[in-house]
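Visitor: Right, I'll just put the structure down here and ask away after.
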């Protein structure tokens, strides 16, 4: 059987967990494959570079190329068009097709944790990660609300207006996080607050957190942020971001080779990926 060739591209790229995760997934699927790392500066991502990428069977894309890769592709799927972002490419029959697996990885992580995307869903932050999660919450019919710092209210409102226009909904609110109150079905942290090394911080108060039935934190280092620890102590269902990181990789393999995986294997991969992260 031919050894397939894959890689991740980005800049800078030294911190990436992609080789560790994808090599394990190829091993679990019994597919002989190599997976490398290509550090490509923004000015170098051009047609000459694309000829090299087309020699691969597929590749992943990370910052800062998720948008700039699109003009070099032959086709992108509907979800990638919606988000204007690609993080996975399949090269097949001399055509490069792009996908975004971030939203499906997010949905799979919530499904795995049995966290619903319904009722009142509050998203902390309004950056790139928040945008992905907010679109999926709105598509799912949730009562979506952005909770941000005062200086980010206008940015959050702009994102809310974009989503309203894209999927024809009016049920999106924006609030200063200091004024966040009331019962919350699912709280989603899409900010870096609580990330290593500043693990003593959390994005909402203890009183606000006690009103949350479910909590998802996109941060995966540490494996459990203070937000997740306290949510669990409150009796809330809670999940950290490592599962999302791994599940979006799982979705990439579905596009590449149709592989499926046992949930227990993915659980172990999440734990092992965190141990690998700590070593670094």
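The values are calculated or read from the model by the stated rules, or taken from the named source; none is laboratory data. If you're wondering where the values come from, they're calculated on a predicted model, not measured in any experiment. Here Cβ is always computed from backbone atoms with ideal geometry, including for glycine, and neighbour counts include all displayed protein chains.
Visitor: Looking at region 138-153 only, could you name the residues that are assigned to a helix (DSSP H, G or I) and free of Cβ contacts under 8 Å to residues at least 24 places away in the same chain? Let's see the steps before the verdict.
Guide: To start, the set of residues in region 138-153 that are assigned to a helix (DSSP H, G or I) comprises 138-139, 150-153.
Across region 138-153, the qualifying residues are 151, 153.
Visitor: Given the condition within 24 Å of residue 187 (Cβ to Cβ) and without any contact (Cβ under 8 Å) to a residue 24 or more places away in the chain, answer yes or no: does some residue in region 120-127 qualify? Don't jump to the end; show me each part of the working.
Guide: So in region 120-127, the residues within 24 Å of residue 187 (Cβ to Cβ) come out as 120-127.
The next check asks that each one be without any contact (Cβ under 8 Å) to a residue 24 or more places away in the chain; those that pass are none.
No, the conditions are met nowhere in region 120-127.
Visitor: Kindly indicate whether any position in region 115-138 is modelled with pLDDT of 95 or more, surrounded by 14 or more Cβ atoms within 10 Å (Cβ to Cβ) and out of contact with any strand residue (DSSP E or B) (no Cβ under 9 Å at 6 or more places or on another chain).
Guide: yes
Visitor: While we're on this one: Anything in region 55-78 that is touching a helix residue (DSSP H, G or I) at 6+ places or on another chain (Cβ under 9 Å), surrounded by fewer than 17 Cβ atoms within 10 Å (Cβ to Cβ) and farther than 21 Å from residue 12 by Cα? List them, or say none.
Guide: 77, the sole residue that qualifies.
Visitor: Counting just the residues of region 12-48 that are closer than 23 Å to residue 74 by Cα and either in a loop (DSSP other than H, G, I, E, B) or not assigned by TED's automatic domain parsing to the domain that holds residue 264 (or both), which one comes out farthest from the chain's Cα centre (by Cα)?
Guide: 46
Visitor: Residue under question is residue 221, and the condition is that it be in the same structural domain as residue 111 (by TED's automatic domain parsing), under 23 Å from residue 132 (Cα atoms), modelled with pLDDT under 95 and touching a helix residue (DSSP H, G or I) at 6+ places or on another chain (Cβ under 6 Å); does it hold? Spell out the reasoning first.
Guide: Values: in the same structural domain as residue 111 (by TED's automatic domain parsing): yes; under 23 Å from residue 132 (Cα atoms): yes; modelled with pLDDT under 95: yes; touching a helix residue (DSSP H, G or I) at 6+ places or on another chain (Cβ under 6 Å): yes.
Taking the combined requirement at face value, the residue satisfies it.
Visitor: A follow-up question, please. Looking at 277, 269, 227, can you tell me which residue is in contact with a strand residue (DSSP E or B) (Cβ under 9 Å, 6 or more places away or on another chain), in a helix (DSSP H, G or I) and farther than 30 Å from residue 93 by Cβ? Step through it out loud before you land on a result.
Guide: On the way: 277 fails: in contact with a strand residue (DSSP E or B) (Cβ under 9 Å, 6 or more places away or on another chain); 269 fails: in contact with a strand residue (DSSP E or B) (Cβ under 9 Å, 6 or more places away or on another chain).
Among 277, 269, 227, only 227 is in contact with a strand residue (DSSP E or B) (Cβ under 9 Å, 6 or more places away or on another chain), in a helix (DSSP H, G or I) and farther than 30 Å from residue 93 by Cβ.
Visitor: Would you confirm, using the coordinates I've provided, whether residue 110 is assigned to a loop (DSSP other than H, G, I, E, B) and in contact (Cβ under 8 Å) with a residue 40 or more places away in the chain?
Guide: So residue 110 does not fit the description; no.
Every residue, every condition in (1) on the phi > 0 side of the Ramachandran plot; (2) within 21 Å of the chain's Cα centre (by Cα), yes or no:
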position	(1), (2)
221	no, yes
236	no, no
241	no, yes
255	no, yes
258	yes, yes
265	no, yes
268	no, yes
276	no, yes
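Visitor: Also, quick follow-up: Could you grab me the full set of residues in region 144-165 that are more than 20 Å from the chain's Cα centre (by Cα) and either surrounded by fewer than 19 Cβ atoms within 10 Å (Cβ to Cβ) or not assigned by TED's automatic domain parsing to the domain that holds residue 191 (or both)? Talk me through it step by step, then tell me what you get.
Guide: Quick first cut of region 144-165, residues more than 20 Å from the chain's Cα centre (by Cα) only: 149-155, 157-158, 161, 164-165.
149, 150, 151, 153, 154, 155, 157, 158, 161, 164, 165 - these are the residues of region 144-165 that are more than 20 Å from the chain's Cα centre (by Cα) and either surrounded by fewer than 19 Cβ atoms within 10 Å (Cβ to Cβ) or not assigned by TED's automatic domain parsing to the domain that holds residue 191 (or both).
Visitor: Working only within region 200-218, note down all residues that are in a loop (DSSP other than H, G, I, E, B) and either at pLDDT below 95 or in contact with a helix residue (DSSP H, G or I) (Cβ under 6 Å, 6 or more places away or on another chain) (or both). Before you say what the answer is, go through the steps one by one.
Guide: Residues of region 200-218 that are in a loop (DSSP other than H, G, I, E, B), as a first pass: 200-205, 210-211, 218.
Residues satisfying the conditions are 202, 218.
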